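Trainee: A single structure is presented below for examination.
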Amino acid sequence: MMMGTLLAIPIFPALGALRDLSVATYLLAVALILVGSVWVAGAASEELGERDSPRIVIDEVAGYVAATGFLDFSWLAAAVAS
């Protein structure tokens with residue numbers, strides 16, 4: 001399991017709770033996380049002068065959010081998605 005995935009696990013139940021309150025707000029949050037992650041990873045790559053640097057973990061957070069996007073939270077789902 002990678003560091004970015006470990007950092008993303010707490011986001012899974014938080015987004016699930018948000019989805020229960022408002023699907024529109026949930027979709028907006030997921031879109032912002034995904035788009036923001038791509039932008040941040042690109043900017044960090046340029047700043048570091050490395051493509052796909054292991055120091056950049058935000059892409060793992062985005063991948064985990066995408067992988068768990070339509071799942072209900074459970075520890076089993078969190079483990080399988082990681």
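The values are calculated or read from the model by the stated rules, or taken from the named source; none is laboratory data. Please read all numbers here as calculations on a predicted model, not as lab measurements. Positions of Cβ are generated from backbone atoms using ideal geometry, with glycine treated the same way; all protein chains shown enter the neighbour counts.
Trainee: Starting from the stretch 66-82, take each residue that is surrounded by fewer than 12 Cβ atoms within 10 Å (Cβ to Cβ) and list its partners that are at pLDDT 85 or above and in a helix (DSSP H, G or I), counting only C-beta distances under 8 angstrom and pairs at least six apart or across chains.
Mentor: Short answer, once both residue conditions are applied: Asp72/Gly16.
Trainee: Under the condition of being in a loop (DSSP other than H, G, I, E, B) and out of contact with any Gly (no Cβ under 6 Å at 6 or more places or on another chain), which residue from the stretch 37-57 is surrounded by the most Cβ atoms within 10 Å (Cβ to Cβ)?
Mentor: For the stretch 37-57, the residue satisfying everything is Ile56.
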